[in-house]
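Below you'll find the structure, written out as structure tokens, and then a few comments.
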Amino acid sequence: MYELLKKITPKAFIKKNETAIRVLLSQFYKGHRFVCSVCEFKMARFITSKKGDKLCPKCGSLARTRRLWQFLKPKAKDVKILHFSPSRSIRRTLECLKNITYITTDYTNEFKAMKCLNIEAIDEPDNQYDIIICYHVLEHIQNDIKAMDELKRITKPGGICIIQTPFKKGEIYEDITIRSEEGRLLHFGQKDHVRIYSIEGLTNRLSSVGFQPIKQTYKESINNRNGFKTDETIIIAKKPI
């Protein structure tokens, strides 16, 4: 039903009326077998996208978004958070919390956000944020070392940057000569990606700018209750005190 709705309904209409559409759509998925960890909607099944991801029919959260929220929720108290390219489901949830300062930013005008910050030259003072969310951003950035250095600069001492990208085994794969959308799609899996990180490669680069990265890996059963990925890693980059 979800894919059919997308095919027959204009994108502009869906975007304008998304909340109402999702409330209606979710009625067809109600149940008790699964639950979204972001909006807490209980359902008989998740929506499965063309890429195989499991979407919440009510809030639209992806598997990686639900994992992020599970990690972030206990920490979202009396903190200042900066969120790059914020997903709708997490943004709406965090905006409702009264005990945090929540700032959103998007440089490409793809996501709804409060600011438009260039991650390679962030127009923010030093030591500003307790938590920075940088989820599926760095693989788009040409000078990722500069971006990492900027992230560390604006993180408070003892604060953290929560980072995830697509990962591969072995070494980081990048080639600055690949500039076309077709080439990037072929080599990096998406037309606006400029590299594929390995977990070790990303942690090494974060260490090189002074972060203390910690690898957080999760293993789940295929039909786990929250629709998490069966194998997922988040990098927690801590700024030394």
Checklist outcome for this item: Using alpha-carbon positions, the gyration tensor of segment 100-239 gives root eigenvalues a ≥ b ≥ c; with a/c under 1.5 called rounded, otherwise prolate if a/b exceeds b/c, else oblate, the class is rounded
Checklist outcome for this item: For segment 157-241, the per residue accessible area (1.4 Å probe, Å²) is 56 Å²
Item to check | Full-extension gain in nm, Ile145 to Lys30, via 0.36 nm per residue minus C-alpha separation | outcome: 36.9 nm
Checklist entry - What is the extension gain from Asp175 to Asp192, computed as 0.36 nm multiplied by their sequence separation minus the C-alpha to C-alpha distance, in nm to one decimal? => result 4.8 nm
Next on the checklist: Could you compute the longest span of the chain free of trypsin sites (Lys or Arg not before Pro) located in DSSP loops and having at most 16 other Cβ atoms within 10 Å, not counting the site residues?
Outcome noted: 113-168
Checklist entry - What distance in nm separates the simple spin-label points at Arg225 and Lys112, each placed 7 Å from Cα in the Cβ direction? => result 3.1 nm
Checklist entry - So how tilted is helix 144-154 from the main axis of the chain? Cα-based, degrees 0 to 90, rounded to 10. => result 90 degrees
Checklist entry - Of Lys80/Lys219; Lys54/Lys169; Lys73/Lys169; Lys51/Lys168; Lys98/Lys229, which sit over 21 Å apart, Cα to Cα? => result Lys80/Lys219; Lys54/Lys169; Lys73/Lys169; Lys98/Lys229
Checklist entry - Hey, what do the phi angles of segment 177-192 turn into as Karplus ³J(HN,Hα) couplings, whole Hz, using 6.51/-1.76/1.60 and θ = phi - 60°, x for Gly and Pro? => result 7, 8, 10, 6, 4, 5, x, 5, 4, 5, 8, 10, x, 7, 5, 10
Checklist entry - Ignoring any ligand, DNA or RNA, what whole percent of the accessible area of segment 105-197 comes from carbon and sulfur when the probe is 1.4 angstrom? => result 50 percent
Item to check | Segment Ile214-Lys168, length gained on full extension (0.36 nm per residue, minus Cα span) | outcome: 14.8 nm
Checklist outcome for this item: Filtering GluC sites (Glu not before Pro) in segment 127-228 by DSSP loop and by at most 16 other Cβ atoms within 10 Å leaves Glu171, Glu220
Next on the checklist: For the chain, take the longest principal axis of its alpha carbons; what is the angle in degrees between that and the long axis of helix 199-208, to the nearest 10 within 0 to 90?
Outcome noted: 40 degrees
Next on the checklist: Classify segment 122-166 from the C-alpha gyration tensor, please: rounded if a/c falls under 1.5, else prolate or oblate depending on whether a/b exceeds b/c.
Outcome noted: oblate
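The values are calculated or read from the model by the stated rules, or taken from the named source; none is laboratory data. Since we're looking at a predicted model, the values are computed, not measured. Using ideal geometry, Cβ is built from the backbone for each residue, glycine included, and neighbour counts are taken over all protein chains shown. Areas reflect the complete protein model, heavy atoms only, side chains present, ligands, DNA and RNA absent. Shrake-Rupley method; radii C 1.70, N 1.55, O 1.52, S 1.80 Å.
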